[in-house]
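Have a look at the structure below before the remarks.
The values are calculated or read from the model by the stated rules, or taken from the named source; none is laboratory data. Values in this document were obtained by computation on a predicted structure and should not be read as measured data. Cβ atoms come from the backbone with ideal geometry, glycine included; neighbour counts cover every protein chain shown.
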Amino acid sequence: MSEILDANLLREDLPGMSELSEVDVVRHFTRLSTWNYHIDLGLYPLGSCTMKYNPKINERIARLQGFTLAHPYLPAADIQGALEIQKALETCLAEISGMDAVTLQPAAGAHGELTGILMIRAYHESRGHPRKKILIPDSAHGTNPASAAISGYVIETVPSNIRGTVDLGRLAASVNEDVAAIMITNPNTLGIFESDIAKISELLHSRGALVYMDGANLNAMMGITRPGDFGVDVLHINLHKTFTTPHGGGGPGAGPVAVKKMLEPFLPYPVVAKTAEGAYFFEYERPQSIGKIKAYNGHFGMHLRALCYILANGAEGLKEASEIAVLNANYIRAKLKDTYALAYESPSLHEVVFSDRLQARKDVHVWDIGKRLIDYGFHPPTVSFPLIVPGAIMIEPTETESKQELDGFIEAMLAIAREADETPETVKTAPHTTRVGRIDEAAAARRPVLRWKPE
Amino acid sequence: MRYIPNSETDRKQMLAEIGADSIERLFSDIPENVRLRRLLNLPKALTEPELLDYFHARAAEVSGRGTPFIGAGIYRHHIPIIIDALISRSEFYTAYTPYQAEIAQGTLQAIFEFQTYIAQLTGMDVANASLYDGSTGLAEAVLMAQRISKKHKFLIARTVHPEYRAVVDTYAKNLGIHVELIEYAPDGRVDMDRLERQIGQDVAAVVVQSPNFFGTIEHTHDISELAHSRGALSIVNVCEAIALGILKPPGEDASEHRRADIVVGEAQSFGVPPSFGGPHVGFLATRERYIRQMPGRLVGLGRDYSGRPAFVLTLSTREQHIRREKATSNICTNQSLCALMATIYLATVGPKGLREICEHNILKADYAANEIRNRTRHRLIFSAPRFNEFVLKVQGQCSFGLSLSRFYPELGNAFLLCVTETARRHEIDAMVQRLAITSAPRLTCRSTSVLCLKKARLVAARSICRHWTFQRNL
Amino acid sequence: MTPDDLLFTKEHEWLRIVGEAGTIGISDHAQKELGDIVYVELPKPGMKFNSGEPFGSVESVKAVSELFIPVSGEVIEINEDLGAAPEKINEDPYGAGWMIRIRLSNTDETGDLMSAEEYDEYIQEAAE
């Protein structure tokens, strides 16, 4: 070694790393795994997260050696199968969303938002001026304003009306030539369809602005309505929500972006294209492209799984998935609405939002209810979001839950409501059945310990 | 339906409870004029055997299962079998982000271990829970340095992965960030003299990569010292993370001035397969004093209210769901499962194993380079010490590695070759043999071979997947 | 009891004036609303602010709030102890939990601020 590399280039040792046998490693990580809740164990009713079952065949096909060993810099002739997968997924996503072109490059939903907003900026710049503002409803995900801000835009918040949807009148007052786009989630984070969406799109378009849609809630509308048909110009799609790629304990995700024709020139490069003879290749010469948003072309492993899910379902299957997702959410709504206060009376699609208003009288809050659900064997719903509902309890069951599982959840929620009334302390100190109890987050944040240190 | 458990009877009962006469009624808020009144134009649903056939056929069309000697940011290292066995546990791969710490201690502890490994390997104080990949990680590091320094000019070495630089450009262009490139010297490393002339007090940070895109090892510590002497931060990017197992870490030195401020990179080499470019796993490590400027999630060790040690996501006020447009980044997810793969990898190979793997990479690459030098007409153009990649100036054709004509046209007919521990001696010898022969122009041109391949495959595709509506467009 | 030698802003900062110097912190009501405080970001001594400008921020586990200066002035001292022990703001908001001391640039600016009594009424009204 010393003949090849000078000793001063080398490190001395790796303190704190231990030598372990395979048995040690397997037992350690298997033990860790048993401390996790997961979708194969039961309902995961996280609103806006679409925690649905992850089909096993997805995992099998993503592990085929031809795919796992493929290098994106191999000559086009050697990667035809992979390119065809990407093209096929793009085509499916364009059809499902009613859009014209798709990039698979973004790594996750928020990354897709950034990509979409950068394309909107490039579009306006190509017409002379990038404009200044992005309008965002107050019910939006926090990633929306964050993504718009790092694209160099100023954010203006649009208030919701008493229906829980965008206030058209107040929106009209905000739309002018400074507005680059609106970032809208539909159905919104309250699970309510923006019935005025066509008018909203017209309004924005009439002033030269574009409509960006956060596709987080696409699971409510597959085969029923298409963003491209109600005026959306750019849309990101979370493959790890609607299209069953696993969440992996917080990633990897994938956030393809679908656009209308006029935005196609701005897609990140490379684009999967085809020669006149029908061979696929990565097209790098894209003079109007926003550039690269990530090295290579996205999370191919996730693309495989999403395509597998789409092909397993077909048009009828996807439509049925959306229908049953909405049925399940409405069933929970019907069963719980007399016990928990509905945040809005408007009809729910794939998710329903309650508030802890009734329980808060006994000082039992949404996070207490969530933690107590753990004792009943369920993962808590999304809590304290959307921000416009104080004490929000946001429940999204998805279509992959049986009536039996939903009934178990409903019973647990009703039991917790009784406990909140009769023995509130039980709820407020939950969970009682887990390996560790509620964690002192303030202490952890005041003096953060972020790694082991060698003794 | 395969993935929908509710029966017809269940559905009827549920509708009765809801008080709706049909599922259709539940969609009444979607106006008629935006409803889709036809079926989506998608391929007919495939059965499980049909799905397997379709994907097996596509996988078979991807070659390169022999050693293609290609690296350039994605490396083929041996992946211990236990990684896939462990990450295939539903408890890991089907879990959500660990917001509910009481029932996510497994994921949280694994990430905490990842943070520890990365901090140790880079020689830094802390590392985050991972980022999308190395390229977006580098862009985040640049944004972070802008927040810390409140300055906007960055010097980035041309020897940094060209696609990473492209991603930085995309992120930076609307945030007032100005990037100036640092040229490389004839030995394939950063040109220190030019850097010295370029760097002024207005520079936020100097960004270099080691081993760099040409596979050569940069003097990261000298560069950090120079950056610090001019009031700039030092960012070191790492694409080939395996090298951290043997090279002196950018964050470690007796003198504080010679330590990097941010070490960022890609950990795909730690047990994550190439997968045609992703998913991989980015990391970002820094000094304690910059923790609050870090992007991405962090797992901390705390206690529950009865005093038991417990892991929890912490310092989340930096993040988008709280700060919204003022967040340190718009990132929402990390790459948890890939970070877990890296963690299992490092636990499995251990410190000695990691060093041995590094030695194999260095020795095999060195062997290959010498053989090429001695037995072919191709020329190695950079003389600086290298890890597992090198650049060849090619006479005639080269069917291995990556042509650098797109990224570094000034190098002419140059190729970047990579030799890892997975390359067997006979494969290296065969490659050298082939390179010796192909010094003359090849007869078949690439586009022809695409065509032949495509025609043969069309037939197969039709028979496998008759309902594939996109067939028309093929 | 809200100490009656303090003046308050609508954003819940308090100001105690002694001569030309002013000490600034956040009210007991504010610390309760924020919950467990985990971090405070304070300006460097020597920085100048105009009345109403943000001079720092305070973080609880799940929220960040900006801090607004009640009157114009130059920072002459910050409470270094809060770096290691931000919980002092929760424990003793009007004492050990003070944040910065400033030299007032204009002592006539206090007209818009509330007395302790007015502040208590203001909170009462907000709650209703």
Please return the ranges of strands (runs of 3 or more DSSP E) entirely within the range C:24-118 where 3 or more residues are over 13 Å from C:His12 (Cα atoms) and among the hydrophobic types (A, V, I, L, M, F, W, C). C:37-41, C:73-78, C:100-104
Are any residues in the range A:33-54 within 18 Å of the chain's Cα centre (by Cα) and within 7 Å of another protein chain (Cβ to nearest Cβ), and if so, which ones? A:His38, A:Ile39, A:Tyr44, A:Leu46, A:Cys49, A:Met51, A:Tyr53, A:Asn54
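Would you confirm whether or not the range B:44-59 contains a residue that is aliphatic (A, V, I, L, M), within 21 Å of A:Ile324 (Cβ to Cβ), within 7 Å of chain A (Cβ to nearest Cβ) and not in a strand (DSSP E or B)?
yes
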Determine whether the range B:12-32 contains at least one residue that is touching a helix residue (DSSP H, G or I) at 6+ places or on another chain (Cβ under 7 Å), closer than 28 Å to A:Lys87 by Cβ and assigned to a helix (DSSP H, G or I). no
Which of the residues belonging to the range B:146-179 are within 18 Å of B:Tyr408 (Cα to Cα) and small (Gly, Ala, Ser)? B:Ala157, B:Ala166
Positions within the range B:70-87 being more than 7 Å from chain A (Cβ to nearest Cβ), in a helix (DSSP H, G or I) and in contact (Cβ under 8 Å) with a residue 12 or more places away in the chain, in sequence order: B:Ile83, B:Ile87
Got at least one residue in the range B:29-36 being among the acidic types (Asp, Glu) and either facing chain A (nearest Cβ under 7 Å) or surrounded by 15 or more Cβ atoms within 10 Å (Cβ to Cβ) (or both)? yes
If the requirement is being small (Gly, Ala, Ser) and farther than 22 Å from B:Val281 by Cβ, which of these qualifies: A:Gly16, A:Gly109, A:Gly42? A:Gly42
Every residue in the range B:1-28 that is surrounded by 15 or more Cβ atoms within 10 Å (Cβ to Cβ) and β-branched (Val, Ile, Thr), please. B:Ile4, B:Ile18, B:Ile23
Taking the options B:Pro274, B:Pro250, name whichever one is touching a His at 6+ places or on another chain (Cβ under 8 Å), modelled with pLDDT of 95 or more, facing another protein chain (nearest Cβ under 7 Å) and surrounded by 24 or more Cβ atoms within 10 Å (Cβ to Cβ). B:Pro274
Some residue of the range A:368-381 being farther than 20 Å from B:Gln105 by Cα and surrounded by fewer than 23 Cβ atoms within 10 Å (Cβ to Cβ): no
In the range A:70-104, how many residues are within 18 Å of B:Pro273 (Cα to Cα) and outside any helix (DSSP H, G or I)? 6
Pick out the one residue from A:Phe300, A:Phe378 that is of a type in the set (Phe, Trp, Tyr), in contact (Cβ under 8 Å) with a residue 24 or more places away in the chain and over 30 Å from A:Ala412 (Cα atoms). A:Phe300
Only one residue in B:Thr94, B:Thr122, B:Thr67 is within 24 Å of the chain's Cα centre (by Cα), at the interface with chain A (Cβ under 7 Å from one of its Cβ atoms) and among the β-branched types (Val, Ile, Thr), so which one is that? B:Thr94
Being over 20 Å from the mean Cα position of the chain (by Cα) and within 30 Å of B:Ile344 (Cα to Cα) is true for just one of B:Leu42, B:Leu86. Which residue is that? B:Leu86
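Yes/no per residue for (1) aromatic (Phe, Trp, Tyr); (2) over 23 Å from the mean Cα position of the chain (by Cα); (3) within 20 Å of B:Ser316 (Cα to Cα):
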residue: A:Val352; (1), (2), (3): no, no, no
residue: A:Gln359; (1), (2), (3): no, yes, no
residue: A:Thr382; (1), (2), (3): no, no, yes
residue: A:Pro386; (1), (2), (3): no, no, yes
residue: A:Leu406; (1), (2), (3): no, no, no
Of B:Pro211, B:Pro250, which residue is touching a helix residue (DSSP H, G or I) at 6+ places or on another chain (Cβ under 8 Å), in contact (Cβ under 8 Å) with a residue 12 or more places away in the chain and under 30 Å from A:Phe67 (Cβ atoms)? B:Pro211
Somewhere in the range A:335-351, is a residue under 20 Å from A:Tyr53 (Cβ atoms), within 12 Å of chain B (Cβ to nearest Cβ) and modelled with pLDDT of 95 or more? yes
Filter result (among the small types (Gly, Ala, Ser), in contact (Cβ under 8 Å) with a residue 40 or more places away in the chain and not in a helix (DSSP H, G or I)) within the range B:88-125: B:Gly123
Taking B:Gly176 as meeting all but one of (1) surrounded by fewer than 24 Cβ atoms within 10 Å (Cβ to Cβ); (2) more than 12 Å from chain A (Cβ to nearest Cβ), write down the number of the exception. (2)
Inside the range A:186-211, can you point out the residues that are within 14 Å of chain B (Cβ to nearest Cβ), surrounded by 22 or more Cβ atoms within 10 Å (Cβ to Cβ) and on the phi < 0 side of the Ramachandran plot? A:Asn186, A:Pro187, A:Asn188, A:Thr189, A:Leu190, A:Ile192, A:Phe193, A:Glu194, A:Ile197, A:Ile200, A:Ser201, A:Val211
Applying the selection to the range A:425-451, what residues are part of a helix (DSSP H, G or I) and touching a residue at least 24 places away in the same chain (Cβ under 8 Å)? A:Thr426, A:Val427, A:Lys428
Output the residue which, of all residues in the range C:94-113 that are of a type in the set (S, T, N, Q) and in contact with a Ser or Thr (Cβ under 9 Å, 6 or more places away or on another chain), is surrounded by the most Cβ atoms within 10 Å (Cβ to Cβ). C:Ser105
Would you point out the residue of the range B:278-324, among those that are among the β-branched types (Val, Ile, Thr), over 17 Å from A:Gly109 (Cα atoms) and under 22 Å from the mean Cα position of the chain (by Cα), that is nearest to the other protein chains (Cβ to nearest Cβ)? B:Val299
Being part of a loop (DSSP other than H, G, I, E, B), within 7 Å of chain B (Cβ to nearest Cβ) and touching a residue at least 12 places away in the same chain (Cβ under 8 Å) is the filter here; which residues of the range A:139-155 pass it? A:Ser151, A:Gly152
Inside the range A:328-358, can you point out the residues that are of a type in the set (Gly, Ala, Ser), in a helix (DSSP H, G or I) and surrounded by fewer than 24 Cβ atoms within 10 Å (Cβ to Cβ)? A:Ala334
Here are A:Ala107, A:Ala94: which of them is in contact (Cβ under 8 Å) with a residue 60 or more places away in the chain and surrounded by fewer than 24 Cβ atoms within 10 Å (Cβ to Cβ)? A:Ala94
Check A:Glu3, A:Glu19 and return the single one that is more than 7 Å from every other protein chain (Cβ to nearest Cβ), part of a loop (DSSP other than H, G, I, E, B) and more than 30 Å from A:Phe354 (Cβ to Cβ). A:Glu3
